[in-house]
Amino acid sequence: MKKQVYIYKSFERFWHWTQAFLIFFLGFTGFEIHGSFTFFGYQNAVEYHNIAAYAFIILIAFAIFWHFSTGEWKQYVPTLTNIKAQINFYLIGIFRDAPHPTKKTVLSKLNPLQRLVYAGLKLLVIPVMVISGLLYMFYRYPQAGGVVGLDINSVEPIALFHTAGAFALVAFVIVHLYLITTGHKPTTNLKAMITGYEDLEEEESEKGSEIKEVAGAEAAADISETETPALPAKNLD
Ligand code: HEM
């Protein structure tokens with residue numbers, strides 16, 4: 001039986017939407033600086049990009065504090081359990097009405113692929129953007145001491161890392177926007193991140209334990225090896 005469960009706390013939703021806006025705005029102004037198009041004008045784009053970058057750093061500081069003080073960081077510890085089933089689900093099962101191979105619970109809201117991708121964003125892509133962005137600032141503006149101290153004497157590697165990270169974020173956003181629509185209904189996941197509430201299986205939401213395998217997960221894992229898999233038609237998300 002399904003039950004409305006409060007899955008995304010208010011700070012989490014505030015952080016998610018503010019981060020989404022800032023990444024979008026930083027991407028927009030960043031690619032104007034890059035020369036991809038003209039909208040604000042180069043000087044304004046640089047100024048807005050810098051302001052948004054400082055806001056992003058402040059938000060990251062609060063988010064780090066929140067993740068550790070609530071223990072929510074554990075949600076992002078990568079796991080290989082069920083990962084094959086999850087990949088096969090996104091590649092094949094989803095188009096054949098197969099069940100979601102992992103169940104969402106309050107203590108385990110992310111499927112194994114989300115854990116991997118979000119951990120990669122938090123530990124790799126975002127740090128690369130912040131560090132290369134700050135180096136960019138210090139390189140270009142009078143306070144060059146820190147960069148000289150690091151023996152960086154060309155802006156090229158900095159620009160390369162920063163732009164590569166920006167492309168990675170654009171790719172992430174495109175995939176993320178598509179995956180938002182793959183819940184029980186196309187708007188289920190979006191509504192959950194707006195209201196905080198989502199319909200989850202009662203039994204599982206109360207247990208709130210590790211990622212649960214559901215009937216059909218194995219079938220989903222082996223789906224690539226079978227011609228026409230006989231999978232249950234119910235989407236459990
Ligand atoms: C705290 C985070 C960030 C800081 C401190 C930062 C800082 C900077 C700075 C100083 C520049 C050079 C501006 C100039 O030429 O005067 C720049 C360029 C740029 N930024 Fe950021 N940025 C950050 C985050 C981001 C994010 C999240 C994105 C993408 C979503 C992004 C995309 C870009 C792009 C595409 C450029 C142009 C790079 C080039 O053509 O060399 N930045 N950034």
Quiz item: So which helices (runs of 4 or more DSSP H) are wholly in segment 164-237 and hold at least 1 residues that are at pLDDT below 90?
Solution: 202-207, 217-221
Exercise. Filter segment 19-45 for residues that are among the polar types (S, T, N, Q) and within 13 Å of the ligand (Cβ to nearest atom) and give the result.
Key: Q19, T29, S36, Q43, N44
Quiz item: Looking at (1) away from the ligand (no atom under 16 Å from the Cβ); (2) surrounded by 12 or more Cβ atoms within 10 Å (Cβ to Cβ); (3) at pLDDT 50 or above, can you tell me which one N153 breaks?
Solution: (2)
Exercise. Quickly run through segment 86-128 and pick out the residues that are of a type in the set (K, R) and either under 30 Å from P157 (Cβ atoms) or within 18 Å of the chain's Cα centre (by Cα) (or both).
Key: K104, K109, R115, K122
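Condition (residue is of a type in the set (V, I, T) and over 24 Å from V5 (Cβ atoms)) applied to segment 78-85: is it met by at least one residue?
Yes: one or more hits.
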Quiz prompt | Tabulated pairs, segment 60-85, first in contact (Cβ under 8 Å) with a residue 40 or more places away in the chain and away from the ligand (no atom under 16 Å from the Cβ), second among the basic types (K, R) and part of a loop (DSSP other than H, G, I, E, B), C-beta under 7 angstrom, 6+ apart or interchain | solution = Q75/K109
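Give the residues of segment 46-59 that are more than 8 Å from the ligand (Cβ to nearest atom) and within 20 Å of the chain's Cα centre (by Cα), sorted by residue number. Outline the logic, then answer.
Taking segment 46-59 first, the residues more than 8 Å from the ligand (Cβ to nearest atom) are 47-48, 51, 55, 58-59.
Of everything in segment 46-59, those that are more than 8 Å from the ligand (Cβ to nearest atom) and within 20 Å of the chain's Cα centre (by Cα) turn out to be A55, I58, L59.
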Quiz prompt | Single residue of N82, N88 found to be modelled with pLDDT under 95, touching a strand residue (DSSP E or B) at 6+ places or on another chain (Cβ under 7 Å) and within 22 Å of K109 (Cα to Cα) | solution = N82
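The values are calculated or read from the model by the stated rules, or taken from the named source; none is laboratory data. As the structure is a prediction and not an experimental result, all values here were calculated from the model. All Cβ positions, glycine included, derive from the backbone under ideal geometry; neighbour counts span all protein chains shown.
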